[in-house]
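Some notes on the structure that comes next.
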Amino acid sequence: MSEKCLEYISDLNAYLDGDLPDELCVEIEKHVGECNNCKLMVDTLKMTVKLCREGKPEDLPSSLNDKLNNMLKKKWDKKFGQ
Amino acid sequence: MKIQINKLYRAELRHGLSNILLYFDSAQYSKYIYYFSNNKIFLFFFESFMTYPYLMNEAQLIAKAKAGDFEAFTELINTHKQKIYALAIKLAGNKQDAEDIVQDTLLKAIDKIDQFREEASFGTWLYSIALNEGRAHLGKQKHSELKPIESYLPGGGNVDMHKSDSQHLFDWKDPHEILENNELETVIGQAIEELPYKYRAPFLLRYHEELSIKEIADIIGETVAATKSRVLRARLALRDYLSNKFEERYERKVS
């Protein structure tokens, strides 16, 4: 890591997620383009988040939904004294 | 057509290209509707049509729920139930714990509904309850603390190491070439579970629930700087874990 890299480290996620101002990005990208390890870190860190986002979200099971409806109604009536 | 008194109902009619929304707040409604469009008057007569509960805004629903209206509460949680479950599955890594977390979160929400203050959104408030319930369920898990940020960087953040590219870093641009899809999913699940809870929760809120750092900071009750740092350490630790797993598998494959 160069001193430059360490300087921006707290904003690394913002950079990886495209949330940094352009002028900062240009500076970082110039460096990343010159450094194999940094390039590899950037690529694999992006891939890490991409992988975690993959896969379709699990649907709430309808059995749980039914159970919840009953349970919550009971609790509600107890609380509000019906 | 059924209309219950004291409830807001919405009906939708289609006339040509127009959608007409009707709102009722009592059983006193007409079977005739005059509808003005393009300087013409249309008269509708209807026998029956679908009605839907009128979408009240969150503040209205919360006020009703606090006054004891169960249906308002149901309406409030319905938009978030699925999200809480999806988050709980990622947090817990299994369906059984996830179901318990969702259940305890919603029961706790009933307990605490009177304490809800409008400064937060209802969704944010539910997330913070869910995270506490998650911690209560999963807190027994033993994890070692993550390393400092620099340790995850090439050369351990050492400036001199940077100059030579001699340090070995495994390149895994496309892990799909190394592992089958279902194996990959398992490895990612394990990687997330390896994270201590205080890192796992903000990471998932950021990259699974797509919340902003500020929103996450409010939910976990930390500063923006601390939240940023936790999410980054989590990401670096995950990368590290995945990198080792992929390299291991890759070497087994080629040898």
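A short reminder: the numbers here are calculations on the coordinates, not readings from a lab. Predicted model, so just to flag it, every value in this text is computed and none were measured. Reconstructed Cβ throughout: ideal geometry from the backbone, glycine too, with neighbour counts over all protein chains shown.
Of the trypsin sites (Lys or Arg not before Pro) found in region B:64-161, the ones in coil according to DSSP and having at most 14 other Cβ atoms within 10 Å of their Cβ are B:R117, B:K140, B:K142. Would region B:124-255 count as rounded, prolate or oblate if I go by the C-alpha gyration tensor, calling it rounded below 1.5 in a/c and otherwise prolate when a/b exceeds b/c, oblate otherwise? Oblate, because a/c is 1.5 or more while a/b does not exceed b/c. For a straight C-alpha distance cut-off of 18 angstrom, the lysines reachable from B:K140 (same-chain residues fewer than eight places away being disregarded) are B:K90, B:K95, B:K198. For region A:3-80, the ratio of Cα radius of gyration to the globular rule of thumb 2.2 N^0.38 Å stands at 1.99. Inter-part distance, region B:110-159 to region A:33-54, computed on C-alpha centroids, equals 24 Å.
Annotated for region A:3-80: lysine pairs at least 8 residues apart or interchain, Cα distance under 28 Å, count 13. Mean per-residue shielding of peptide B:95-101 is 2, counting Cβ atoms of other chains within 10 Å of each Cβ. Summed over qualifying helices (DSSP H, 4 residues or more, each -39500 (n - 2.57)) and divided by its residue number, chain A shows a 222 nm mean residue ellipticity of -22000 deg cm²/dmol.
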